[in-house]
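Read the structure below first, then the notes.
No value in this document is a laboratory result; all are computed from the given coordinates. Nothing here was measured: the structure is a model prediction, and the numbers come from that model. No Cβ is skipped: glycine too gets one built from the backbone with ideal geometry, and neighbour counts run over all protein chains shown.
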Amino acid sequence: MDVLIHLFVGLHIIGIAALLGGFLTQTKAMGQGTARFVPAMLHGALTMLVTGVILVGLNQADDHHLNTVKIGVKLALLIVILGLVYVKRDDENGEKVDKGLFGLVGLLTMANIFIAVLWT
Ligand code: HEM
């Protein structure tokens with residue numbers, strides 16, 4: 001079971017890479033107000049949700065203690081991220097996203113990373 005949990009932590013990290021990496025490719029455009037929520041960000045956010053929920057299930061099935069408040073906060077922030085990158089996703093009529101809103105998604109993503117690693 002531990003191997004399975006670690007495997008999903010790895011997939012969870014690939015999700016962070018897509019979400020944060022997608023954000024970082026847009027920082028120059030963000031400064032000019034022309035950033036877009038690229039597909040990698042939407043797919044990364046979805047990956048975080050799916051792997052996160054699976055990680056909760058696997059940890060509980062294995063009787064590992066989980067900090068439910070921490071997971072709840074991460075989930076709440078991710079739902080905001082997911083909502084924004086989905087509604088304003090870069091599809092055929094994809095929109096340019098306002099600087100402040102785009103920056104907020106990057107900020108919330110980084111907040112979730114530090115919540116994950118600092119909140120013990
Ligand atoms: C952008 C959103 C998210 C980020 C950046 C993030 C980040 C991380 C990181 C870096 C880890 C590995 C470090 C650690 O074990 O503490 C981790 C583990 C984990 N994450 Fe996430 N996560 C996010 C969203 C979620 C969501 C939405 C859930 C659940 C619904 C979730 C559930 C978990 C669980 C269960 C673990 C392993 C157990 C633990 O140590 O807490 N994560 N996350």
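Around the Cα centre of region 2-118, unit charges on the Cβ atoms of Lys, Arg, Asp and Glu (plus for the first two, minus for the last two) sum to a dipole of about 420 debye. In straight-distance terms, cross-link reach from Lys28 covers every one of the aspartates and glutamates whose alpha-carbon lies under 19 Å from its own, apart from those fewer than eight places away in the same chain; here that gives Asp90, Glu95, Asp98.
Bridging of Lys74 to lysines at a Cα separation below 24 Å is possible for Lys88, Lys99, once same-chain residues fewer than 8 apart are set aside. Suppose R0 equals 41 Å. What FRET efficiency, 1/(1 + (r/R0)^6) with r the Cβ-Cβ distance, do Leu24 and Val56 give to the nearest 0.05? According to the calculation, E is roughly 0.90. The protection proxy used here, the mean number of other Cβ atoms lying within 10 Å of each residue, ranks peptides 1-10, 72-81, 101-110 as follows, highest first: 101-110, 72-81, 1-10.
Each principal axis of the chain carries a Cα extent, and these read 48, 26, 20 Å when sorted largest first.
Summed over qualifying helices (DSSP H, 4 residues or more, each -39500 (n - 2.57)) and divided by its residue number, the chain shows a 222 nm mean residue ellipticity of -26500 deg cm²/dmol.
Just how far, in whole angstrom, is region 53-89 from region 1-25 if you go by their alpha carbon centroids? Between the Cα centre of region 1-25 and that of region 53-89, the gap is 13 Å.
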